[in-house]
Amino acid sequence: MLETLTLQTYKQFEVLVIEDGSVNDAAEIVQSFADKLDVKYFVKANEGQGFTRNFGFERAKGDYFVVFDSDCLIPADYLQIVNDSLATNWLDAYGGPDDAHPSFTPTQKAISYSMTSPFTTGGIRGNKKGIGQFHPRSFNMGISRQVWEKAGGFIITRLGEDIEYSIRIHSMGFKIGLIPDAKVYHKRRTNFLQFYKQLHFFGRARINVYKFFPKGLKAVHFFPAVFTLYIIFTIIANVFCWPLAVLCNFILAIFILLIFFHSWWKNKSAKIAFLSIIAAFIQLTAYGLGFMQDFWKRIVLKKS
């Protein structure tokens, strides 16, 4: 990421790198950029991403704080786009979309497609036509100093901390919006097992956010769980009730074809389109299982 920040056309910014208890520190890497960036390096005990970002907010000097995930690549015109957008249409907090870089592997591109596809997420990640109220995510978001001073920072450090923060900012009356051209290239998991674990965690995170904002749990958030139950039902139908299985398989086939041809159209690759089918099924079932696990444990059984 630091290399991409040296290429920014807008130059009036500082960079804070926070080492959150890593085993292998990045001190030498950060130092190698000292002559190219106004960069500051801090080391702290491990607390998770939410509280580590608070640590950075407390030490930042600017009037606007921009947050990226460490696995993002930032286009050269990103900060200029954000600056120009805020100058003409002020937002107290904003978010931007993520995309796949041409250098990413086919698996990463397939995962990127699945994470942004209207057939899997409803386009809620950085899509101006997405479903419901827009909530910036911490892989690509910014907040004004005024938001930080009034709302404070993250109150949970993981399991949906950015969603909770976005909802809280909304509830305080701040103006939040999407800057659609302020995209980042977000490196995805390099294999499907890692992707499964990530999305299972995301499903659990949605229930964690529910504990803070019950009204934030919408019908769309149940879709992966419903999809997962449908897959289980289809498997059972194929074993015990073939006539019903024919209908279930037909519906799944339509879904598969929609994913395949839409991904092929977007990525211009049949290989990525095929991998996108696998990624979509992993995304929905992993999220669905994580969601159902914590829904049962934390809402039905009321365990902490």
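The values are calculated or read from the model by the stated rules, or taken from the named source; none is laboratory data. In this text the structure is predicted, and so the values were computed from the model without any measurement. Positions of Cβ are backbone-derived with ideal geometry, glycine not excepted, and every protein chain shown enters the neighbour counts.
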For the range 141-176, name all the residues that are within 16 Å of the chain's Cα centre (by Cα) and over 24 Å from F291 (Cα atoms). M141, G142
Counted residues, the range 286-296 - those being surrounded by fewer than 21 Cβ atoms within 10 Å (Cβ to Cβ) and either touching a Ser or Thr at 6+ places or on another chain (Cβ under 9 Å) or closer than 17 Å to R189 by Cβ (or both): 2
Could you identify the single residue in F154, F139 that is modelled with pLDDT under 95, under 30 Å from F260 (Cα atoms), crowded, with 18+ Cβ neighbours inside 10 Å and out of contact with any Pro (no Cβ under 6 Å at 6 or more places or on another chain)? F139
Which is in contact with a helix residue (DSSP H, G or I) (Cβ under 6 Å, 6 or more places away or on another chain) and among the hydrophobic types (A, V, I, L, M, F, W, C), of I167, I231? I167
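Yes/no matrix, rows are residues, columns are (1) aromatic (F, W, Y); (2) part of a helix (DSSP H, G or I):
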residue: F13; (1), (2): yes, no
residue: L16; (1), (2): no, no
residue: S22; (1), (2): no, no
residue: F51; (1), (2): yes, yes
residue: V66; (1), (2): no, no
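Residues are listed down the side, and each one gets a yes or a no for (1) assigned to a loop (DSSP other than H, G, I, E, B); (2) in contact with a helix residue (DSSP H, G or I) (Cβ under 6 Å, 6 or more places away or on another chain):
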position	(1), (2)
Q8	yes, yes
E19	no, no
I29	no, no
A34	yes, no
Y41	no, yes
List the residue pairs whose Cβ atoms are under 8 Å apart, where the first residue sits in the range 51-64 and is exposed (fewer than 12 other Cβ atoms within 10 Å of the Cβ), the second is β-branched (V, I, T) and part of a helix (DSSP H, G or I), and the two are 6 or more positions apart or on different chains. none
Among residues of the range 25-45, those that are within 25 Å of the chain's Cα centre (by Cα) and exposed (fewer than 12 other Cβ atoms within 10 Å of the Cβ), counted: 1
Are any of the residues in the range 216-231 part of a helix (DSSP H, G or I), within 20 Å of P136 (Cα to Cα) and free of Cβ contacts under 8 Å to residues at least 60 places away in the same chain? yes
